[in-house]
Amino acid sequence: MAFGNQKTVAAPASLEGTSLHTGQAVVLTLKPAPADFGIKFRRIDLPDQPFIPADVEKVQTVERATSLAEGSVKVHTVEHVLSALSGMGVDNAVIEMNANEPPIADGSARPYVELIKKAGTTELESPKRVWEVREPVTVETRSGSILTILPSKTFRLSVTCVGPEGRITQYFDSEITPETYEKELAPARTFTFYEDIKPLLEKGLIKGGSLENAVVIRGEELLSKEPMRFNNEFARHKAMDLIGDLSLAGKRILGHVIAIKPGHGPNTELAARLKKEYTKMQQMKPQSTTIPHGEAVLDTKEVMKLLPHRYPFLMVDRIIGFEGETKCVGLKNLTINEPFFQGHFPGHPVMPGVLQVEAMAQVASILMLRIPENAGKIGYFMSADKVKFRRPVVPGDSLVIETEMVKMRGSIGQAVGRCLVNGVVTSEAELKFSLLDA
């Protein structure tokens, strides 16, 4: 599955409107940003025009909306614009505002989708960072909210929305792509129960709220300036909010999100759990070497499921990173107990160069087997060209094996590989393989 490259907006574009809670006039402008910049808010109405990263660690409050803070600088009700950016596939952008809250517009994410389309999008040179969640992640609250992410090869949402005392129970389920997001989720408006907002209205705390930007539920009556846009519009809005809150984890995911009674509190708690799990995965990588950004890790057992090799000819302990669809990085930790050290210059043990080439071949095989149509096949080594050995590899070294696929035609693949120790190249080669049925 190809995810393509990261995207940003192609040009600045602005949306003017009124903020929900303060009723203040505000201009929001989306601006382009470089690869791996992420999404950041910028308060241009304040001295020094400070930035606030769209990061779950910056979440300050989650009552009725998600708010972020960096020191004393705050932005409120960020979920709709973040949802639109995430749902439409925008990875990097600056969100400039001349107030502390985005325009509420019609209470949905549709105005932000239209803003993104007005700005246009452009691809950057770096591949998208997409993390496949491989173990269930669950959050459960005392108020009855249960949110779980199960392993999946797509990003899917299944949302059950339940109001007080079981009122307005609705369900929404769909795989989420930019096309489905724009059509199925972006138009869904915010909603509220009259008994919840009545005291806030009396205190003047929702100055920008009206029936033009929210559906108010009073008893069995739905108060709105227009007919319902979907028969399950509330569940769809909850799904839209959930996408915005989960984007605060900082990583696009592949996973099936099952959410019962989601809300900004449990949503952001799940985002925090996601970020924690991702950080744990990243810590599996060696810290003493510079390696490409990777979004998946395979342990030894998983490597052995892909490769037919076994001790003493398995030259890969684990896969520590993939970059896009064409690059893969493996790791081999070498100890004095390796059998080849016993007879290869035993007085001064050195790893045979041919085994470094074999390590490159094994990592490149995993890269080829990652292609869905190659699943279950075996990669056979055909040739090695332009082989160069640059320095010895000795016991105690952590051998990082980098490979990149340069051509795949039918069952024949060509790759380039190199081995490194502490960032220094020890060997390199051009490799050719043939894939055959197991």
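In the condition set (1) part of a loop (DSSP other than H, G, I, E, B); (2) surrounded by fewer than 17 Cβ atoms within 10 Å (Cβ to Cβ); (3) in contact with a helix residue (DSSP H, G or I) (Cβ under 7 Å, 6 or more places away or on another chain), Met315 is compliant with all but (2).
When you scan the range 133-192 for strands (runs of 3 or more DSSP E) that lie fully inside it, which ones turn up with 3 or more residues that are surrounded by 19 or more Cβ atoms within 10 Å (Cβ to Cβ)?
Qualifying strands (runs of 3 or more DSSP E): 155-161.
Taking the criterion of being open to solvent by less than 10 Å² (accessible area, probe 1.4 Å), in contact with a strand residue (DSSP E or B) (Cβ under 9 Å, 6 or more places away or on another chain) and assigned to a loop (DSSP other than H, G, I, E, B), the only residue of the range 105-128 that qualifies is Gly107.
Total residues in the range 1-35 satisfying the condition of being under 23 Å from Val73 (Cα atoms) and open to solvent by 50 Å² or more (accessible area, probe 1.4 Å): the figure is 8. Return only the number of the condition from (1) β-branched (Val, Ile, Thr); (2) in contact with an Asp or Glu (Cβ under 7 Å, 6 or more places away or on another chain); (3) open to solvent by 10 Å² or more (accessible area, probe 1.4 Å) that Thr66 does not satisfy. Unmet for Thr66, out of (1) β-branched (Val, Ile, Thr); (2) in contact with an Asp or Glu (Cβ under 7 Å, 6 or more places away or on another chain); (3) open to solvent by 10 Å² or more (accessible area, probe 1.4 Å): (3).
The rows are residues; the columns are (1) within 19 Å of Leu306 (Cβ to Cβ); (2) modelled with pLDDT of 90 or more; (3) open to solvent by 40 Å² or more (accessible area, probe 1.4 Å); (4) in contact with a Lys or Arg (Cβ under 6 Å, 6 or more places away or on another chain).
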position	(1), (2), (3), (4)
Gln362	yes, yes, no, no
Ala375	yes, no, yes, no
Tyr380	yes, no, yes, no
Lys388	no, yes, yes, no
Pro392	no, yes, yes, no
Ser411	yes, no, yes, no
Phe433	yes, no, no, no
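The values are calculated or read from the model by the stated rules, or taken from the named source; none is laboratory data. Keep in mind it's a predicted model, so treat the numbers as computed, not measured. Don't worry about glycine lacking a Cβ; one is built from the backbone with ideal geometry, like all the others, and counts go over all protein chains shown. Ligands, DNA and RNA are stripped out before the accessible areas are found, and what is left, the full protein with its side chains, is counted by its heavy atoms. Shrake-Rupley method; radii C 1.70, N 1.55, O 1.52, S 1.80 Å.
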